[in-house]
Amino acid sequence: MKRARVAVGGAIHEAYEHEGKVRLTDGRLFSEEEVEWLPPVQPQTVFALGLNYADHAKELSFSAPKEPLVFLKGPNTFIGHNASTKRPEEATNMHYECELGVIIGKTAKNVKKEDAYEYVAGYTVANDYAIRDYLENYYRPNLRVKNRDTCTPIGPWFVDQSDIKDPMNLSLKTIVNGQVTQEGTTKDMIFSIPDLIEYLSHFMTLNPNDVILTGTPEGLEKVNAGDEVVTEIEGIGALKNYIISDKQFQNS
């Protein structure tokens, strides 16, 4: 099932996909444009993977990591489907990143790879924008690059784990202003979903609604104010987002 969280009439509702529309749990039916989309879960701890596709590491002139390169993301970075992301006026290298989001379903500690999917509730789509003008050094590599307000759209749907036969063989793509600019597949991850759950759960406890953002393949392009960006993953959905300037953001 495809589930969502939306705001209608000033209230937040659980919803699900029904024949291309959004049905609330009270039975009301809306078009996609008639609701305000929220992140499909309220993210708790969010783990983001850097350089988890070898082709992406190569295009950024980095070596593929020998163990997962993980950083954390704060709650204010997340927005929903059809929302707008602020682009800093001074930025010259703001890139989209289409990523599979893995949502943890139950408390996980010291999980073995072969048992990892038992702890997955489902999947979603994320666009983890990177503003690479702000890359600093080993000690502060991703704070200003990856934790800016509004810079991680997520959604629109939460898809049950049981509905995705093989999450390690899904196609991903990004479409900017109607043109496909990025294509890849989750089978090219360096560290698989079971690898990541085993790795993380061996030194910290994972909890329900923790999210693992699993990285992006090659094919990055700069985005500018006025762009429409769609990140899409096979079987999970298409996440639409708009880039706006600082001035537009302040006036919105």
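As a check on your grasp of the helix formula, calculate [θ] at 222 nm for the chain: sum -39500 (n - 2.57) over DSSP H runs of n ≥ 4, divide by the residue count, round to the nearest 500.
The helix-only estimate for the chain comes to -2500 deg cm²/dmol at 222 nm.
Give the ranking of E114, E99, E36 by solvent-accessible surface, highest area first, calculated with a 1.4 Å probe. Could you put the intermediate results ahead of the total?
Numbers: E114 140, E99 0, E36 115 Å².
Accessible-area ranking of E114, E99, E36, largest first: E114, E36, E99.
Looking only at M189, M94, M204, which one moves most when the chain is put into a Gaussian network model with springs between Cα atoms under 10 Å?
In this elastic network of the chain, the residue with the biggest mean-square fluctuation among M189, M94, M204 is M204.
Find out how many positive minus negative residues lie around Y16, taking Lys and Arg as positive, Asp and Glu as negative, among other residues whose Cβ is under 9 Å from that of Y16.
Its environment carries a net charge of +1.
Taking the Cα centre of the chain as origin, work out the dipole magnitude from +1 charges on Lys and Arg Cβ and -1 charges on Asp and Glu Cβ, in debye rounded to 20.
520
What residue among Q179, Q44, Q161 has the largest mean-square fluctuation in a Gaussian network model of the chain, using Cα springs under 10 Å?
Of the options given, Q179 has the highest mean-square fluctuation.
Work out, step by step, the length gained on full extension between S84 and N110: first 0.36 nm times the residue separation, then minus their alpha carbon distance; give nm to one decimal.
Working: separation 26, 0.36 × 26 = 9.36 nm, distance 3.83 nm.
Stretched out fully, the S84 to N110 stretch lengthens by 5.5 nm.
Please turn the phi angles of the stretch 9-24 into ³J(HN,Hα) values with the Karplus equation 6.51 cos²θ - 1.76 cosθ + 1.60 (θ = phi - 60°), one per residue in order, whole Hz, x for glycine and proline.
Working through the residues one at a time gives x, x, 10, 8, 10, 7, 8, 8, 7, 9, 6, x, 10, 10, 9, 6 Hz.
Determine the sum of side-chain charges near K106: Lys and Arg each +1, Asp and Glu each -1, restricted to other residues whose C-beta is under 11 angstrom from that of K106. If you can, show how the numbers build up before the last one.
Values: positive: K109; negative: E118, D210.
Neighbourhood net charge equals -1.
Which entries in the list K112/K187; K113/K187; K86/K187; K165/K187; K66/K113 go over 22 Å, if you measure between the two C-alpha atoms of each?
Details: K112/K187 20 Å; K113/K187 16 Å; K86/K187 32 Å; K165/K187 13 Å; K66/K113 18 Å.
Pairs exceeding the cut-off: K86/K187.
Could you give the dipole magnitude of the stretch 130-252 about its Cα centre, charging the beta-carbon of Lys and Arg +1 and that of Asp and Glu -1, in debye to the nearest 20? Don't skip to the end; give the middle numbers.
On the way: 11 positive and 18 negative charges, 86 e Å.
Charge dipole of the stretch 130-252: 420 debye, to the nearest 20.
How far apart, in nanometres, would the label points at E34 and L72 be if each is projected 7 angstrom from Cα along the Cα-to-Cβ direction?
4.1
Provide Rg and Dmax in Å for the chain, with only Cα atoms included in the calculation.
Final numbers for Rg and Dmax: 17.4, 52 Å.
What is the calculated FRET efficiency for D246 to T181, with r their C-beta to C-beta distance and R₀ = 22 Å, to the nearest 0.05? Could you put the intermediate results ahead of the total?
Values: r = 24 Å, r/R0 = 1.09.
FRET efficiency, D246 to T181: 0.40.
Tell me the carbon and sulfur percent of the accessible area for the stretch 166-252, rounded to whole percent, probe radius 1.4 Å.
Exposed carbon and sulfur together represent 43 percent of the surface.
Please find, in a Gaussian network model of the chain (springs between Cα atoms separated by less than 10 Å), the residue of L100, L213, L196 whose mean-square fluctuation is greatest.
Checking each option, the largest mean-square fluctuation is seen for L196.
Please report the antiparallel percentage of the DSSP beta bridges confined to the stretch 41-251, to the nearest 5.
Restricted to the stretch 41-251, the bridges split so that about 80 percent are antiparallel.
Sum up the charges of everything whose Cβ sits under 10 Å from the Cβ of T152, counting Lys and Arg as +1 and Asp and Glu as -1, but leave T152 out. List each step's numbers first, then the result.
Values: positive: K73, K146, R148; negative: E97, E99, D128, D149.
Overall, the nearby charge balance is -1.
Mind scanning K106/K173; K21/K247; K73/K106 and naming the pairs with a C-alpha gap bigger than 25 Å?
Over 25 Å apart, Cα to Cα: K106/K173; K21/K247.
The values are calculated or read from the model by the stated rules, or taken from the named source; none is laboratory data. The structure presented is a predicted model; accordingly, all values stated were derived computationally and were not measured. All Cβ positions, even for glycine, are placed from backbone atoms using ideal geometry, and neighbour counts span all protein chains on display. In case anyone asks, the SASA skips ligands and DNA or RNA and just uses the protein heavy atoms, side chains included. Shrake-Rupley method; radii C 1.70, N 1.55, O 1.52, S 1.80 Å.
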